Amino acid sequence: MRHLRFLPDDTNVDFIGWRYYAFAADGILLLIAIVSIAVQGFNLGIDFSGGVLLETKAAHTIDVGQVRAVVDSLGFGQSQIQTVGSGDCDRPPGSCVQIRVQRSGQQVVDAIKAKLGTGYTIRSADVVGPSVSQELFYDGVKATVLAIVLISLYVAFRFEWQYGIGALIATGHDVLVTAGLFSVFHMEFSINSVAALLLLAGYSINDTVVVFDRIRENRRKYKRMGLKELINLSTNQIMTRTTLVSFATALTMLPLLFFGGPALFGFSASILFGIVVGTFSSTYVAAALLLYLPPVGGVRTDDEVPSVPGAKKA
């Protein structure tokens, strides 16, 4: 049985030769993301903007769409309605729902209670103020930045410090550009969005480490090969692997994108966008940056280094 391949094994793409065009395209993406975040910020969801959280139970299976229409008719801004399935909520199934409303205050709780009527029992009601939600937002930002720094320190320890610098810039680049996606298209930025950025950081560094590991392996094999040729050779060798992994990951996100509803749309869309950005940055940010740092392990970067017999020219 033949293996599935999107690309031939003997690709010979001059990635380094095209790096200036890639830098220009990447610079435009970064500029758009930074300007959008600085000018219009994020469309913060209920998690980060405060609001009211209620859990209610009925004696019958609740029609989520009907409850959403009732809550939205109050004009309290963004709302999230979802079924809760624990404890006596299974008797009957779907008899409990959790209601989140972006407007905060006890008067909001009272209005929702009155609108739902006596057929619904409010089991809990929490009001989250803007100060608490803003603190949660900053904690999410800190967690993302800390994750990127720790990942880069690991790469620097696992390989060499030059690789750590490349990993730091590449991973930070991926997270920043993807965060810009939320700002540019005014997508809701919530706890799910922070989870998506952290997941993307892990995915991106995995791709970057694969590139770095192949570069290190080839550096030991072809000791006289210049760094430009070495990066081209290594990147071409893993192109099939990178393409298959990216394609498989994208397939897992498509059902969430189309059938996950509004709550998961931003999560899945950002991951799909991040797959493209992360694959791009592994070559044109992480690997190409090695050309502009002190020589890695004594590897020369000039183009005059004679090729090793049997080495694949790129």
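The values are calculated or read from the model by the stated rules, or taken from the named source; none is laboratory data. Just so we're clear, the structure is a prediction, and the values are computed from it rather than from any experiment. Ideal geometry is used to build each Cβ from the backbone, glycine not excepted, and the neighbour counts take in all protein chains shown. Surface accessibility is based on the protein's heavy atoms, side chains included, excluding ligands, DNA and RNA. Shrake-Rupley method; radii C 1.70, N 1.55, O 1.52, S 1.80 Å.
Once segment 134-166 is narrowed to residues that are of a type in the set (Val, Ile, Thr) and either in contact with a Lys or Arg (Cβ under 9 Å, 6 or more places away or on another chain) or farther than 16 Å from residue 41 by Cα (or both), the residue that is most open to solvent (accessible area, probe 1.4 Å) is 145. Inspect all residues belonging to segment 185-192 and state whether any of them is in contact (Cβ under 8 Å) with a residue 12 or more places away in the chain, farther than 26 Å from residue 257 by Cα and small (Gly, Ala, Ser). No, segment 185-192 has no match at all.
Would you please name the residue that is modelled with the highest pLDDT, looking only at residues in segment 47-63 that are under 21 Å from residue 192 (Cα atoms) and open to solvent by 10 Å² or more (accessible area, probe 1.4 Å)? Taking the candidates together, the pick is 55. Taken together, the residues in segment 91-118 that are open to solvent by less than 20 Å² (accessible area, probe 1.4 Å) and in contact with a Pro (Cβ under 9 Å, 6 or more places away or on another chain) amount to 0.
Return the total of residues in segment 240-268 being open to solvent by 40 Å² or more (accessible area, probe 1.4 Å), farther than 15 Å from residue 190 by Cα and of a type in the set (A, V, I, L, M, F, W, C). The number of residues fulfilling the criteria is 9. One residue alone among 215, 169, 275, 271 is assigned to a helix (DSSP H, G or I), farther than 27 Å from residue 47 by Cα, in contact with a helix residue (DSSP H, G or I) (Cβ under 7 Å, 6 or more places away or on another chain) and open to solvent by less than 40 Å² (accessible area, probe 1.4 Å), and that residue is 215. From the list 277, 211, 285, the lone residue that is hydrophobic (A, V, I, L, M, F, W, C), at pLDDT below 80 and within 27 Å of the chain's Cα centre (by Cα) is 285. Just checking, how many residues over segment 186-212 are touching an Asp or Glu at 6+ places or on another chain (Cβ under 7 Å) and either in a strand (DSSP E or B) or not aliphatic (A, V, I, L, M) (or both)? Looking only at that region, the number is 2.
Could you tell me whether residue 156 is out of contact with any Ser or Thr (no Cβ under 8 Å at 6 or more places or on another chain), aliphatic (A, V, I, L, M) and part of a helix (DSSP H, G or I)? For residue 156, the condition - out of contact with any Ser or Thr (no Cβ under 8 Å at 6 or more places or on another chain), aliphatic (A, V, I, L, M) and part of a helix (DSSP H, G or I) - is met.
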